[in-house]
Structures are given as structure tokens and as C-alpha cells.
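Worksheet for the structure shown next.
The values are calculated or read from the model by the stated rules, or taken from the named source; none is laboratory data. Quantities reported herein were computed from a predicted structural model and do not represent experimental measurements. Positions of Cβ are generated from backbone atoms using ideal geometry, with glycine treated the same way; all protein chains shown enter the neighbour counts. Protein only, heavy atoms only, side chains kept; ligands, DNA and RNA dropped before computing areas. Shrake-Rupley method; radii C 1.70, N 1.55, O 1.52, S 1.80 Å.
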Number of protein chains: 2
Amino acid sequence: MMAEWKDCIKNLKGVVLDICGVLYDSGEGGGVPIPGSVEAVKRIKASGLKLRFCTNETQATRDKFVAKLQRMGFDISVNEVFSPAPAACKILKDRGLRPHLLVYDEVVPEFIDVDKSNPNCVVVGDAADNFSYKNVNEAFRVLIGLEKPVLISLGRGRYYKETDGLKLDVGVYMKALEYACDIEAEVVGKPAKMFFQSALADMGVEPHQAIMIGDDLVNDVGGAQQCGMKALQVRTGKYRPNDEKHPTVKADGYVNNLAEAVDGILKHLGE
Amino acid sequence: MMAEWKDCIKNLKGVVLDICGVLYDSGEGGGVPIPGSVEAVKRIKASGLKLRFCTNETQATRDKFVAKLQRMGFDISVNEVFSPAPAACKILKDRGLRPHLLVYDEVVPEFIDVDKSNPNCVVVGDAADNFSYKNVNEAFRVLIGLEKPVLISLGRGRYYKETDGLKLDVGVYMKALEYACDIEAEVVGKPAKMFFQSALADMGVEPHQAIMIGDDLVNDVGGAQQCGMKALQVRTGKYRPNDEKHPTVKADGYVNNLAEAVDGILKHLGE
């Protein structure tokens, strides 16, 4: 297995990490770090490799999310984290779009500078319990009432894993609204190419010099590969054994967890 | 316009009517009849044409639903109504499937004779307010935990119209669960061919001798046409002007309401 991805390690300059399911498992009380991950992040930074985090997390503002990770012991700062809400805000402003928000309450402050009056689009994030029938129906009515409905989705994940089990992710409700209105959503966040490219550009690293490590085969691994990066899937978080038999997406390597991935990378670095 | 569909009227033997949006508009307090519809049903029956009702209604048992329509003045009886829940029960029993139900509380009694212990499939109906995040997630967890997930959907409608506005229909949540689990649902009810065929067989009428009248272009009109019937769309209920420019489904005629459709039919009958 190692042989499959160690070739790209020689020229490796940057690492992109998913957060939820790789660094920690989310859940009641904020979640818990995955064993070895706190140390693994420190070792990547100590090695001189550049490091950025790409998350589709939209259940909190980036500030609060990063503060939570710091309390768990992770060496991480806000400017190293790429998340969909700030990227969506830029798109909204650039195109004069006024969103109706179907998101988690805690992420609403990310949209504080955006005009939300008389909405001409819908932004859907991982709203979790806010995905009530009433709230989803309200978003639907905004969309169906528009001449040209615009739906912006903060990711397209199917589900994620919390400490108490699997939870439906934003992509499921994106699909629901797409079908209801017979439209196609614009996805911000993984697996959108532009999202990975922003992180690469910020590191000043070319795709072939970078590796992505994530627990989501389609959005992390597939998205990064589409972008020209190598990508490993960890067997933590939402990983399921069936992922390794996926008909179209194949990771460059499968590792038990982030610690094992970092072991492999540091062993072959600059060989 | 009349010329397009009157040819089939000469040999007409049976009429299939959708209920919600054709006979009445649902909503708070049970809904209200669409003007002229009570009389129109009487006129079809008086003409000697056979008549059945095909509804994807799954917010009440068939008994209660029919009783409500009778109180509104409609000449309708339970054995004239084809609805998805009884059809689904037959499939469940035939295949030894034990459902986890994601349906409206009032329709649960339809499944009283079905074993619901240790579920090995999910049945989704128009659950309306029961489509909470918690309930949808629970159905998802049942499906994703099965070796071979089976999802049975009572219809595939996008939305319907109640007196207070448009409401998301079962198809939207069917799509959500399909995407979450990467599976395809089995649809019982319109537009499934077998559903229309049951109504035709019950009347003893061939498809080319029957006409369907509905407000849903894809599920009523498209479904009936797939089955070899002619079909009219009424401009009541969930009808939207854009329906008349639909890229793939074209009704054999568009009429303002059921009363106008029956006027046209009776005028040309046996010409």
C-alpha cells in the first residue's frame, strides 16, 4: 500500500487536512480528539511542510470552531482554516445576492455583513436540527418564488459521524431542494475545485506537491484528486469499509488514522 | 386545444381523477372544494362512464380521507379510491419486508397488519411536520445499517398546494434519503405504471379507453400517458403556467378546472 503513494512524498511541500473525522469526532459537548491526531499536527508543522485545513464545517463560525480545536490541544489558527461560509460571503457580495439562510444558528454571524433583506437566493449549510419541515419548506418557497432560483450549498456531504452516530449532512438537503425546484445547486466548499485551489494558493504550493488527508472518500479524496493532488483516506470518522470498493473514487492510500499517515509521510519525506 | 383530445372521447369508457388540487384544495380545517367539482363528479357518474380516483394522499387512512370528501359533498366511496398505502402493504407482505415508517401519524393505522419489528426497509410517505431532522435521520440510520437498503416511497411528488401555500411532498424526502444512502427508491403510487393499471383493471377498461385528469404534470399526466392513457391537466391546485412549457411532458389538453374538463368530455362523448 505504501508503495502506491510514497512516490509523491519525495516532492511533497504541503499537506491539506480535513478536520472532522480526521482530527476529532464531533458530538455532544464539542466532541473528542482522535488518538494521536494532536501530536500528528505538531509533527507536520515541525517537519517544515506547509499545512492548511479544509473543512466543510458550518455549525459554528470559524473563530469559535478554531477556539474549540485549540482547547482540545490542536496547534491551529483561524488563518490556516478554509471553510465554506467565508467563501460563500464573497460570492454573495460579488454577485449582489441577498440570501435566505438555512443554516445552523451558530453560523449566522458569518453572514453579518451580507444584506439579507428581500432574498434572491438561498444558502443552505449543515443546519442539523434546524432542518425542520417548516424551515426547509420556507427555503423552498423562497426558491420557487424566484424567476431564476439560485441555491448555494456549503458542501455536498451525505453524512458525518458524531459521537452518538451518523448524522445527515448538508448535501442531503441540497438534493432535496434541487429536486423540489428542479434546479442545480452551486457548491461552495469541498469537493469544489476552487475551494482546494484557495488553500493551495495560500500555501504557494502546486497541486502535485500537495497531499490531502480526509475521511470522506468523495468530497475529500475525490475532490483533491480532481484538483491534481494525491489523497489518503483515514479509517476514522465517517470511513466505512465499503469505501475501499467504491466504483469511481480510489484513494492513493488508505491509513488507519492521521498518526499513521504522518508516520508514512515523514518516513519518506525527501528520500 | 379541444381538437387535441376530443378524438379519444368518442371511445371513452373510464375516467381517472386525481383528488387533491382537482376535487379540492387541502389545508387547515380539511380544505375546501374547488368550485364546480362536486357537481362535475356527479355528472361523470350520471353519464355512465366508469370512474376511479387515483391519489398519492398519504396524510390519512383511506377511510378518513374519503369520509372528509363525502362531508364536502363528493359522491365518492372507499372502493373507488386507489392510494399508495394499501398498495405498499401488499408489497411488504409479499416480500417479507418489515418497515420502519416515516409517515404522517394519521396514516400509521393503514400498516396495522404489517410486522414492524426489527425493520429491514423504510417506507416514506408525505410525513409533513413529521419530517423533522431527527425523524429523517432515524430513517437514514435504519437504511445505512442494512446490507441491502430498501426504500419504498409512497409517491414521488415535489410539492402540493395547501390553502396557505406550497408544501414539500414525499418525493423531496425520497430524494434526500436516496442521496444519503446512494440508493434508488421503489415508488408506489403515481407515476408508477402498476398503480394506474390497478385502477384500469378494476374498471375493466383498456388504457386507450380512459382519460386521466390531474393537476400534477409529471405524476398525473406523465404517469397516465406512460400507461397509454390520454391525460388532461387542470389549471387548479399546484398547476403553474410554466407546466405548459415543460421540456418532456405535454398534456393532451389543458383545462381551467375539472368542471370545464367534464363539459368537454360530455359534449364529445359518443359523437
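For the stretch B:228-246, the criterion of a residue being touching a Ser or Thr at 6+ places or on another chain (Cβ under 9 Å) and either over 27 Å from A:GLU138 (Cβ atoms) or of a type in the set (Lys, Arg) (or both) is satisfied by no position.
Put simply, of B:ALA40, B:ALA88 the only residue that is within 18 Å of the chain's Cα centre (by Cα), surrounded by 14 or more Cβ atoms within 10 Å (Cβ to Cβ) and part of a helix (DSSP H, G or I) is B:ALA88. Where helices (runs of 4 or more DSSP H) sit wholly within the stretch A:117-204, those with at least 1 residues that are of a type in the set (A, V, I, L, M, F, W, C) and at pLDDT below 95 occupy A:193-203.
Based on what the data block shows, is B:ALA199 surrounded by 21 or more Cβ atoms within 10 Å (Cβ to Cβ), on the phi < 0 side of the Ramachandran plot and either of a type in the set (Val, Ile, Thr) or within 13 Å of another protein chain (Cβ to nearest Cβ) (or both)? So B:ALA199 fails the test. As a summary of the residue check, B:GLY165 satisfies the conditions (1) open to solvent by less than 40 Å² (accessible area, probe 1.4 Å); (2) touching a strand residue (DSSP E or B) at 6+ places or on another chain (Cβ under 6 Å); (3) within 13 Å of chain A (Cβ to nearest Cβ) except for the one numbered (2).
Return yes or no: is B:GLY204 surrounded by fewer than 24 Cβ atoms within 10 Å (Cβ to Cβ), out of contact with any Leu (no Cβ under 9 Å at 6 or more places or on another chain) and at positive phi? Quick ask: steps written out before the conclusion?
On the way: surrounded by fewer than 24 Cβ atoms within 10 Å (Cβ to Cβ): yes; out of contact with any Leu (no Cβ under 9 Å at 6 or more places or on another chain): yes; at positive phi: yes.
Yes, satisfied.
Just one of the listed residues (A:GLY125, A:GLY145, A:GLY155) is more than 7 Å from chain B (Cβ to nearest Cβ) and out of contact with any Pro (no Cβ under 8 Å at 6 or more places or on another chain), namely A:GLY145. A:MET1 passes every criterion in (1) under 30 Å from A:ASP129 (Cα atoms); (2) touching a Gly at 6+ places or on another chain (Cβ under 7 Å); (3) modelled with pLDDT under 95 apart from (1).
Condition check ((1) within 19 Å of A:GLY21 (Cα to Cα); (2) surrounded by 23 or more Cβ atoms within 10 Å (Cβ to Cβ)) across all residues:
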residue	(1), (2)
A:PRO191	yes, yes
A:HIS208	no, no
A:ILE213	yes, yes
A:ASP220	yes, yes
A:MET229	no, yes
A:VAL234	yes, yes
A:ARG240	yes, no
A:ASP252	yes, no
A:VAL255	yes, no
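Filtered by the rule that a residue be within 8 Å of chain A (Cβ to nearest Cβ), over 24 Å from A:ASP216 (Cα atoms) and not hydrophobic (A, V, I, L, M, F, W, C), the stretch B:170-193 gives a lone residue, B:GLY171.
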